[in-house]
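Data block below; observations after.
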Amino acid sequence: MAQALEQRQLGPFTVSAIGLGCMNLSHAYGLPLSAEDGAALLLRALDLGVTHFDTAALYGFGANEELVGRTLAAHRSRFTLASKCGIQGVTSDAGVRRVIDGRPATLKQTCEAALRRLRTEVIDLYYLHRWDRSVPIEDSIGAMAELEREGKIRAIGLSEVSAATLRRAQAVHPIAAVQSEYSLCTRNAEIAVLETCRELGATFVAFSPLARGFLAGGVTDVAALDAKDIRRSMPRFSAENNARNLGLLDAYTALAREAGCSLPQLALAFVLGRGAHVVAIPGTTSMTHLEDNVGAARVTLSGELASRLDALINQHTVAGERYNAATQAEVDTENF
């Protein structure tokens, strides 16, 4: 029987405050889990009370949606399903390459393929994964609004957009959620997006709330990461920057001890404490880490401890940018 977790609003849905980002199971951090292990982790999350599962067409170039659909279709009424369009894999003679494409026809085709892979008649929350700046945001959102009217999706979200772009999209159709990277280490959303979401009634969904593993205890040896691990291309995980950032962990560990929780739980409790309109979707390939992450929903930080944590790890004390220049150029950061 599923356990009871703290519930929060995700647009029109009520979900567990801690959801599951499913990307890690199929994408970006080296070899994916086996189908059997991935399925076991998804089902364990459901048993733990997780009711918000987040995937995308990009993750494993469709493989993650297939895994989620194959594993969870029989339990479809028990959770809120989120997926994304706007970035996908395009196959050519050179192999599969990642492409940002926000044209209306492409978004509709991506949705049809997602419905098949996810083995569902409707996707609860469908995000524009990145704004394709060669396409007016109004056109992309207009196409997604048509998908909603057709009953193929229930709500629309945006990912990694500025407050200004969110407002433009909102003028076309209500935006249920904005998903962006947010953690103690990455604070861009605090400039304007967090508050704009609150003002507009949109949920803010924090991905990578554990700073891609750093806040779970640190990536102590970058050289040991898989050759295809995306952190190898991230300035924050260069040998020099990572060594500097690891110096923050002693004081961070002391704060976790004071709060009576694990390091990941401390980071997740901080994110959830930024507002009742915030939910978090940590990802993991470890059953043990999954169980620990879910426990963060029961951790409450005092205002004084949260302030000390805020001062210890933030955008000014962490060395290195989160993305390299090419990837950062894909993110809509104007007036972020």
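The values are calculated or read from the model by the stated rules, or taken from the named source; none is laboratory data. Please read all numbers here as calculations on a predicted model, not as lab measurements. Because the Cβ atoms are built from the backbone with ideal geometry, glycine has one as well, and the counts that use them run over all protein chains shown.
Quick check: is even one residue across segment 35-50 under 29 Å from residue 162 (Cβ atoms), under 18 Å from the mean Cα position of the chain (by Cα) and at pLDDT 95 or above? Looking for residues that are under 29 Å from residue 162 (Cβ atoms), under 18 Å from the mean Cα position of the chain (by Cα) and at pLDDT 95 or above, one finds none in segment 35-50, hence no. Quick check on my filter: what residues within segment 71-117 are surrounded by 13 or more Cβ atoms within 10 Å (Cβ to Cβ), among the basic types (Lys, Arg) and in a strand (DSSP E or B)? Matches in segment 71-117: 84 only. Scan segment 286-336 for residues that are under 30 Å from residue 44 (Cα atoms), assigned to a loop (DSSP other than H, G, I, E, B) and not hydrophobic (A, V, I, L, M, F, W, C) and the total you get is 2.
Yes or no, residue by residue, for (1) of a type in the set (Lys, Arg); (2) within 30 Å of residue 264 (Cα to Cα); (3) surrounded by fewer than 16 Cβ atoms within 10 Å (Cβ to Cβ):
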{"position": "139", "(1), (2), (3)": "no, no, yes"}
{"position": "147", "(1), (2), (3)": "no, no, no"}
{"position": "152", "(1), (2), (3)": "yes, no, no"}
{"position": "161", "(1), (2), (3)": "no, yes, no"}
{"position": "165", "(1), (2), (3)": "no, no, no"}
{"position": "172", "(1), (2), (3)": "no, no, no"}
{"position": "175", "(1), (2), (3)": "no, yes, no"}
{"position": "186", "(1), (2), (3)": "no, yes, no"}
{"position": "191", "(1), (2), (3)": "no, yes, yes"}
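Every condition in (1) on the phi > 0 side of the Ramachandran plot; (2) touching a helix residue (DSSP H, G or I) at 6+ places or on another chain (Cβ under 9 Å) holds for residue 248 except the one numbered (1). Of the residues 243, 227, 254, the single one that is over 22 Å from residue 271 (Cβ atoms), of a type in the set (A, V, I, L, M, F, W, C) and either outside any loop (DSSP other than H, G, I, E, B) or free of Cβ contacts under 8 Å to residues at least 24 places away in the same chain (or both) is 243. The requirement of being more than 30 Å from residue 236 (Cβ to Cβ), buried (at least 20 other Cβ atoms within 10 Å of the Cβ) and not small (Gly, Ala, Ser) is satisfied by residue 124.
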